[in-house]
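The values are calculated or read from the model by the stated rules, or taken from the named source; none is laboratory data. Remember, predicted model here, so these are calculated numbers, not experimental data. Don't worry about glycine lacking a Cβ; one is built from the backbone with ideal geometry, like all the others, and counts go over all protein chains shown. Keep in mind that these areas ignore ligands, DNA and RNA; they rest on the heavy atoms of the full protein, side chains included. Shrake-Rupley method; radii C 1.70, N 1.55, O 1.52, S 1.80 Å.
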Amino acid sequence: MRAPLPRLHAITDERVARRSDLATLAEGLANAAGADLALHARGRELSGAEHLDLATRLSAYPPTRLFVNDRLDIALACGASGVQLGAASLDPEDARRLNTRWWIGKSVHTLAEAEAARQAGADYLLVGPVFPTATHPTRNPVDAATLSAIVALGLPVIAIGGVTPGRAAPLKAAGVHGVAAIRAFWDSVDGPDVARRLQGELGQ
């Protein structure tokens with residue numbers, strides 16, 4: 001049986017992937033959140049070798065789960081527990097043919113995209129931005145009505161974009177399963193504390 005979908009998703013980017021202290025940061029997050037944490041190997045500008053190296057390093061902290069964004073070949077090579085698909089990735093149903101046990105997520109920004117992802121066979125939806133974020137400064141946050149409509153589709157929703165401690169509780173009240181972030185986990189003075197606080201806000 002497949003393990004439950006983690007509620008915390010710590011996503012990397014190229015900058016995080018190349019940090020000299022990545023191992024220390026990942027170990028701290030893993031010790032704080034354990035199996036409730038997915039470490040995402042993501043880096044759109046990374047070479048294939050760099051992306052593989054990143055995924056390999058992030059797979060070393062059980063019981064956290066490794067998720068790989070976009071690169072399904074790397075996910076297969078590293079025994080990832082899940083994959084996160086963007087707009088230019090394969091459809092979820094095609095990814096399913098490669099590994100039936102993966103958690104397969106799709107990044108969406110609108111209700112129409114969420115409906116299409118569900119129809120295509122996604123297991124969960126990464127929805128955002130839910131708050132203003134420096135990662136996508138020109139993109140308007142998903143409004144509360146749209147978020148509620150996406151939640152109502154019935155797939156687990158992972159909210160991303162401007163998520164920090166203090167903001168997870170209202171998202172949980174809106175029906176989301178969990179939250180994802182880059183800066184809140186990797187750039188904070190105390191990433192493990194951030195993980196514990198977000199985990200507490202999401203409840204048990």
Fill in the blank from the handout: Taking only Cα atoms of segment 38-136, the Rg to Rh ratio with Kirkwood Rh works out at 0.97
Problem - segment 88-130: radius of gyration over Cα atoms, expressed as a fraction of 2.2 N^0.38 Å - result: 1.11
Completion exercise
Given (i) 25, 21, 16; (ii) 23, 21, 16; (iii) 28, 19, 16 as possible values of semi-axes √(5λ) of the Cα gyration tensor in Å, the one from the coordinates is (ii)
Problem - Computed [θ] at 222 nm, deg cm²/dmol, the chain (DSSP H ≥ 4; -39,500 (n - 2.57); rounded to nearest 500) - result: -10500 deg cm²/dmol
Completion exercise
In segment 36-172 the accessible area split gives carbon plus sulfur, as whole percent at 1.4 Å, a share of 54 percent
Handout entry: Dipole magnitude (debye, nearest 20) for segment 19-151, charges at Cβ of Lys, Arg, Asp, Glu
Key = 100 debye
Handout entry: Average projected area [Cα convex hull, segment 49-106], square nanometres
Key = 3.7 nm²
Handout entry: Ala174-Arg19 FRET efficiency (beta carbon distance; Förster radius 30 Å; 0.05 resolution)
Key = 0.40
Practice task
Work out the charge dipole of segment 1-152 with +1 on the Cβ of Lys and Arg and -1 on the Cβ of Asp and Glu about the Cα centre, then indicate which of Val108, Ser47, Ala23 is farthest towards its positive end.
Solution key: Ala23
Problem - Å² of accessible area per residue within segment 40-188, as computed with a 1.4 Å probe and no ligands counted - result: 44 Å²
Exercise for the section: Run a plain Debye calculation on segment 1-71 (Cα atoms as equal point scatterers, no solvent) and give log10 I(q)/I(0) at q = 0.16, 0.21, 0.28 Å⁻¹, rounded to two decimals, same order as the q list. Expected result: -0.49, -0.83, -1.34
Handout entry: Options Thr146, Thr135, Ala95, ranked by Cα towards positive dipole end of segment 78-154, top entry (Cβ charges)
Key = Ala95
Handout entry: Estimated inter-spin distance, Thr138 and Ala49, nm [label 7 Å along Cα→Cβ]
Key = 3.4 nm
